[in-house]
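Below is one structure, written out as structure tokens; the observations come after it.
The values are calculated or read from the model by the stated rules, or taken from the named source; none is laboratory data. Quick caveat: nothing in here was measured; it's all calculated off a predicted structure. A quick note on method: Cβ atoms are made from the backbone with ideal geometry, for glycine too, and the neighbour counts reach across all protein chains shown. These accessible areas exclude ligands, DNA and RNA; they are computed on the full protein's heavy atoms, side chains included. Shrake-Rupley method; radii C 1.70, N 1.55, O 1.52, S 1.80 Å.
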Amino acid sequence: EAQVTQNPRYLITVTGKKLTVTCSQNMNHEYMSWYRQDPGLGLRQIYYSMNVEVTDKGDVPEGYKVSRKEKRNFPLILESPSPNQTSLYFCASSIGLAGGAYNEQFFGPGTRLTVL
Amino acid sequence: AQSVTQLDSQVPVFEEAPVELRCNYSSSVSVYLFWYVQYPNQGLQLLLKYLSGSTLVESINGFEAEFNKSQTSFHLRKPSVHISDTAEYFCAVSWPSGGYQKVTFGTGTKLQVIP
């Protein structure tokens, strides 16, 4: 089954304790992205990756890091989480421009993060 | 810069009534338009998209959206809603930039279907 998986689905942590949220897709997609969803703000892009070893900042990158060492994986790293990073996080992937058109994104199920 | 505006944060509607969810965009370049739906406790999934051609696009579950370039709108409509349509709906625009795809989402509209 074609899918985007995220782990963990729920996480409660404390300020300053480093954490990683994993994202993996099995569709051989070039493009991957991280979003955070907050009430009244919709989805805001944190980082995106056009291919292996190619990443760039989205609209709200502060406090986050990413890496793309393999095509299928795109982990989100919070080196020192703070309460304002409490949010619902989504990973997404798409074929990318190699698909010949602007293709839709496939989303993971989400990770609900609470930073105390 | 490109932006998307969804003016209605919540839209309550009775079952079997028609509904329109509004989406307006602002862009200095040609964009591609999408509607995504998010059911409770799930990720987003594509509902329909406009890339080119006919300005009226339809989904498999009865929704349709019309691209209006002069009004820079991409409103989503359904003539008769069901309880199962209760969800949050996001409009999104996508455009090329530096050889890559950029995308921005609206703030979402929660559709509440009342029995």
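Checking the structure you have, find out if any residue of the stretch A:47-61 is at the interface with another protein chain (Cβ under 10 Å from one of its Cβ atoms), closer than 20 Å to B:Val37 by Cα and open to solvent by less than 50 Å² (accessible area, probe 1.4 Å). No, because not a single residue in the stretch A:47-61 is at the interface with another protein chain (Cβ under 10 Å from one of its Cβ atoms), closer than 20 Å to B:Val37 by Cα and open to solvent by less than 50 Å² (accessible area, probe 1.4 Å). Flag: A:Tyr31 matches the condition of being within 8 Å of chain B (Cβ to nearest Cβ) and of a type in the set (Ser, Thr, Tyr).
The residues on offer are A:Leu41, A:Leu11, and the sole one that is within 11 Å of chain B (Cβ to nearest Cβ) and either closer than 16 Å to A:Val115 by Cα or of a type in the set (A, V, I, L, M, F, W, C) (or both) is A:Leu41.
Is it true that some residue in the stretch B:45-64 is closer than 16 Å to B:Gln2 by Cα and modelled with pLDDT of 95 or more?
no
Total residues in the stretch B:6-44 satisfying the condition of being under 11 Å from B:Phe74 (Cβ atoms) and either modelled with pLDDT of 95 or more or open to solvent by less than 40 Å² (accessible area, probe 1.4 Å) (or both): the figure is 10.
Screening A:Ser87, A:Ser94 for residues that are polar (S, T, N, Q) and within 20 Å of B:Lys102 (Cα to Cα) leaves exactly one candidate, A:Ser94. Taking the stretch B:4-56 as the search range and keeping residues that are of a type outside the set (A, V, I, L, M), over 30 Å from A:Tyr10 (Cβ atoms) and within 11 Å of another protein chain (Cβ to nearest Cβ), which one is nearest to the chain's Cα centre (by Cα)? Ranking the qualifying residues of the stretch B:4-56, first place goes to B:Lys49. Taking every residue in the stretch B:64-84 that is under 26 Å from B:Ile114 (Cβ atoms) and pairing it with any residue that is open to solvent by 80 Å² or more (accessible area, probe 1.4 Å) and outside any strand (DSSP E or B), at least 6 positions away or on another chain, the pairs with Cβ-Cβ distances below 6 Å are B:His75/B:Arg22; B:Pro79/B:Pro18; B:Ser80/B:Glu16.
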